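The values are calculated or read from the model by the stated rules, or taken from the named source; none is laboratory data. Everything numeric in this text was worked out from a predicted model, so none of it was measured. Cβ atoms come from the backbone with ideal geometry, glycine included; neighbour counts cover every protein chain shown. For the accessible areas, the whole protein counts, side chains as well, though only heavy atoms, and no ligand, DNA or RNA atoms are used. Shrake-Rupley method; radii C 1.70, N 1.55, O 1.52, S 1.80 Å.
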Amino acid sequence: MHETLENSGAQVQQPAATPALDWLADQGLAMQDLLQKVVNIDSGSRDEAGVTAVAHALAERLLAAGVPVQFEPVPGYGVLLHAQVNAAGEGAPIVLMGHMDTVYPAGTVARRPFRVEDGRAYGPGVADMKSGLVLNVFVAEAFARCGGLSAPLHLFFSCDEEIGSPATRELIMARVRGARAVLNAEPGRVSGNVVTSRKGSMVVEFEVQGVAAHAGINHAAGASAIEALARKTLALHALTDTATGVTCNVGVVQGGIVPNMVAPHAKAEVDLRFTADTDPDALLERVRAIVEEESVPRTQGRITTARRTLPMKPTPDYLLALYQQGARTLGFEVAGEFTGGAADSGLTASVGVPTLCATGPVGGHPHTEREYCELATFVPRAQAVALAVLGHP
Ligand SMILES: [Zn+2]
């Protein structure tokens, strides 16, 4: 389906002669300014107003460059941002993707706003993935200003990735189906590498009902929901299997009322990860069997919610090689990595679209207070994305 690299390589041998790349070369500070603006807007998942405000801040820059932008409302979550460059171009589009939500609750920005120290930017979502959004916006702007595209280029930013895309997964798959390729700007790995396959994830919540009793007077009449939950936790953790890449983590537990009462109720939240070789339905059934087993007599467990993201099938070799070739002409080497972290790239790869992930600026410690973005990687990685777009057959 795709031309060989030898055929397409001629287009990426002279990056210095490409106006879009020259323009990007001078945008480091402008990128940092826009990054500061969007990091300083709280936009945790389900913060409808915050996510929408991020979309508007990004759109402002695009509109000023003459790039048409549409917002698609996602009630309860914010909006999807769509933008097109060279919309009348030939054939299927290349899609630059990202998500505008973060894992941080409202108020985080007030506590630790954007700041720069020793070449690194800090702040909530600075790496995952507001810097990637900014990178994609500037690549789009570069082509809008300088031309040079043959295919249409789309930007598509979602709003609920950090909670497993409950509201947008169907929209994402429908939107990218038939696209030429997807480049998803999750943060580049600390090594500088991009991501060529990812585990899928499943979040399962369950509750256990026991029987309350006074812990001193009639202990034997009780059935401890906490004990049942503890036994289930051990059984669930035993699902972890390094040979198959399945991991299981009971990450949140709650239960009981007071110390002198046998606990009538307990609940837990579980994170499971798995590769494309694992049947997620079968994995869920194993979890269900553990949850529903009467692990302590007279207790009952049931799953209350289960949601999942798909594993990202491996990036086609040609697409990684194309990106690598561009990076090499810019003076840096990258390799493809596998990661246990899930992302929307799993959705786009699942509908058969060649997908490369982690094309954003290099970042570290995502989902922690130490999260940072390596500002010096902004321009070269934007140029590498631009070269991959230009060189794509
Ligand atoms: Zn992310």
Got at least one residue in region 207-223 being open to solvent by 50 Å² or more (accessible area, probe 1.4 Å), touching a helix residue (DSSP H, G or I) at 6+ places or on another chain (Cβ under 9 Å) and either part of a helix (DSSP H, G or I) or within 30 Å of V51 (Cβ to Cβ) (or both)? no
Those residues that are within 10 Å of the ligand (Cβ to nearest atom) and not hydrophobic (A, V, I, L, M, F, W, C), I need them from region 350-363; list them, please. G360, G363
Options T368, T355: the member that is on the phi < 0 side of the Ramachandran plot, β-branched (V, I, T) and open to solvent by 30 Å² or more (accessible area, probe 1.4 Å): T368
When V195 is run through (1) assigned by TED's automatic domain parsing to the domain that holds T339; (2) in contact with a Leu (Cβ under 6 Å, 6 or more places away or on another chain); (3) among the β-branched types (V, I, T), the failure sits at (2)
State which residue is most open to solvent (accessible area, probe 1.4 Å) when the search covers only region 48-85 and only residues that are in contact with a Ser or Thr (Cβ under 8 Å, 6 or more places away or on another chain) and touching a residue at least 40 places away in the same chain (Cβ under 8 Å). Y77
Output the number of the condition that V250 fails; it satisfies all remaining conditions of (1) in a strand (DSSP E or B); (2) out of contact with any helix residue (DSSP H, G or I) (no Cβ under 6 Å at 6 or more places or on another chain); (3) surrounded by 15 or more Cβ atoms within 10 Å (Cβ to Cβ). (2)
Look at V291 and say whether it is in a helix (DSSP H, G or I) and either closer than 25 Å to G245 by Cβ or within 16 Å of the ligand (Cβ to nearest atom) (or both). yes
Filter region 190-205 for residues that are assigned to a loop (DSSP other than H, G, I, E, B), under 22 Å from A321 (Cβ atoms) and at pLDDT below 95; the one that is least open to solvent (accessible area, probe 1.4 Å) is G192
Hey, among the residues in region 371-392 that are in a helix (DSSP H, G or I) and open to solvent by 20 Å² or more (accessible area, probe 1.4 Å), which one's nearest to the ligand (Cβ to nearest atom)? T377
Only one of these conditions is not met by L347: (1) within 16 Å of the ligand (Cβ to nearest atom); (2) assigned to a strand (DSSP E or B). Which number is it? (2)
Exception for L229 within (1) open to solvent by less than 20 Å² (accessible area, probe 1.4 Å); (2) in contact with a Leu (Cβ under 9 Å, 6 or more places away or on another chain) falls at (2)
Which residue is nearest to the ligand (Cβ to nearest atom), if the candidates are limited to region 105-141 and must be of a type in the set (A, V, I, L, M), out of contact with any strand residue (DSSP E or B) (no Cβ under 6 Å at 6 or more places or on another chain) and more than 21 Å from A179 (Cα to Cα)? V134
